[in-house]
Amino acid sequence: MKRFLTALAVSAVAATGTMAQDLPVIRAATLKIGTVNWELQTIVDQGFDEAHGFELELQPYADNGATRIAVEGGEADMAVADWIWVARQRAAGKDYTVIPYSRAVGGVVVPDGSDAKTLADLEGGKIGIAGGPLDKSWLILRAYAEQEEGFDLKAGTEQVFGAPPLIFKSALGGDYAGAINFWHFLAKMKAEGMRELISVETAATALGLDPDVPLLGYYFKDSFLAEHEGLAQAFFDASRDAKEHLSDPAAWEAIRPMMNAGSDAQFDQLRTDWLAGVPERAPVDSEAAGKLLALMGELGGEELVGQASVVPDGLFASVE
């Protein structure tokens, strides 16, 4: 009997392994220290991928450029980008499509002792900006300052562009009157005592944009998804399962080692701001997305949006 049960157990394990091998594989190109790993690793650790009929493999890369090359060259099946960039690629002929991921965006923070109450109060000072002159948060905040305060944020301040870690360090050192950074760096900056002057979400709402439109998405090639019917919905379901799992504060202990939080305060703020960026479970509103794309085209021109003057057909995958 004991020998029979042992043989049965081995057979069950072998069968499970065979089933897992038969599942379609999604190779995700991610940044080694990217925040998307928090969700994707949760999918893997909790088995949400296999529960929805696929296997997720994480492939770390050094920078965003490398993840894009990996997808384009067929070395990976999926990566994360803002959908405006994906729209530009699709308008140029690439068959990329987007599955919603996050609406987490940045804002402007100022030193704790700053008297600034509006963007106009930053006049004459330096603003540290992660990225470059076409950073989308910067463009939205410029439009907001012009519309709501009659203030030319670009002409009225000195901009210092740099990599997110540099802006983070310099801002904490008091080098800037205000700073714009990626959401996770801003979370740490707030945890270290800096104050949010205005969020991009607030600015976007004032401009008539829908802040619930997720800016970040997982992008795949249409051709890859066409080979695996139902995979887009399956991946979206797994993504939503991970988000639901992470709504439990206790679940964050498993991913804390990869969060690069330097203190409990940073950890708590990162968790709070990540959860605030979780979009509602719904198809992307193409009309609302079109308004944002039009504004980006107006402010950033072809250098930012390329030939994507409107939301390209098929940009957003049909998931719900």
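Suppose only helical runs count, i.e. DSSP H with n ≥ 4. What mean residue ellipticity at 222 nm does that imply for the chain under -39500 (n - 2.57) per run, divided by all residues and rounded to the nearest 500 deg cm²/dmol?
-13500 deg cm²/dmol
Working out 0.36 nm times the residue gap between ASP152 and ASP210, then minus their Cα-Cα distance, what length gain in nm do you get to one decimal?
My answer for the length gained is 18.5 nm.
For the chain, what is the number of Lys pairs with C-alpha distance below 18 angstrom, counting only pairs 8 or more positions apart or on separate chains?
Going through the chain pair by pair, I get 10.
Can you tell me the length gained on complete extension of the stretch GLU72 to ASP285, counting 0.36 nm per residue apart and subtracting the Cα distance? Provide the component values of the computation, followed by the final result.
Details: separation 213, 0.36 × 213 = 76.68 nm, distance 2.67 nm.
Here the answer is 74.0 nm.
In what order do SER137, SER114 fall by count of nearby beta-carbon atoms within 10 Å, going from fewest to most?
On the way: SER137 24, SER114 17.
By the 10 Å Cβ count, ascending, the order reads SER114, SER137.
Lys and Arg at +1, Asp and Glu at -1: add these up for the other residues within a Cβ distance under 10 Å of ARG90 and post the number. Spell out each step's value before the answer.
Details: positive: ARG88, LYS94; negative: ASP95, ASP222, ASP313.
My count for the surroundings of ARG90 gives -1.
Quick one: compute the contact order of the chain, relative version, from alpha carbon pairs under 8 angstrom and 6+ residues apart, as a percent.
Relative contact order here is 26 percent.
Please compute the net charge surrounding ALA171, taking Lys and Arg as +1 and Asp and Glu as -1 over other residues with Cβ under 12 Å from its Cβ.
That sum, taken over residues with Cβ under 12 Å, equals +2.
What shape does the stretch 107-206 take by its C-alpha gyration tensor, where a ≥ b ≥ c are the square roots of the eigenvalues and a/c under 1.5 counts as rounded, a/b above b/c as prolate, and the rest as oblate?
Details: a/c = 1.40, a/b = 1.33, b/c = 1.05.
Rounded, because the longest to shortest axis ratio a/c is under 1.5.
With a point put 7 Å past each Cα toward its Cβ, work out how far VAL25 is from ALA250 in nm, to one decimal.
Those two pseudo-labels are separated by 3.5 nm.
Compute the separation of the alpha-carbon centres of the stretch 185-250 and the stretch 251-277 and state it in Å as a whole number.
Their Cα centres are 15 Å away from one another.
In nm, give the distance between the simple-model label positions of ALA265 and PHE161, each being 7 Å from the Cα along the Cα-to-Cβ direction.
Here the modelled spin labels are 3.2 nm apart.
Among SER199, SER170, SER223, which comes first, then next, by fewest other beta-carbon atoms within 10 Å?
Working: SER199 20, SER170 16, SER223 9.
Exposure proxy ranking, most exposed first: SER223, SER170, SER199.
Fewest to most neighbouring Cβ within 10 Å: what's the order for ILE99, ILE255?
Fewest-to-most Cβ neighbours within 10 Å comes out as ILE255, ILE99.
About its Cα centre, how strong a charge dipole does the stretch 220-299 have in debye, to the nearest 20, once Lys and Arg get +1 and Asp and Glu get -1 at the Cβ?
The dipole magnitude comes to about 160 debye.
Let me spell out the model: positive unit charges on the Cβ of Lys and Arg, negative unit charges on the Cβ of Asp and Glu, origin at the Cα centre of the chain. What dipole size does that give, in debye rounded to 20?
On the way: 25 positive and 48 negative charges, 153 e Å.
Dipole of the chain, to the nearest 20 debye: 740 debye.
Please express the shape of the chain as an equivalent ellipsoid: the semi-axes are the square roots of 5 times the eigenvalues of the C-alpha gyration tensor, given largest first in whole angstrom. Kindly include the intermediate steps, with their values, before the conclusion.
On the way: eigenvalues 301, 115, 48 Å².
Equivalent-ellipsoid dimensions as semi-axes: 39, 24, 16 Å.
None of the figures in this text is laboratory data; all of them are computed from the coordinates on show. Values in this document were obtained by computation on a predicted structure and should not be read as measured data. Note that we place each Cβ from the backbone using ideal geometry, even for glycine, and neighbour counts take in every protein chain shown.
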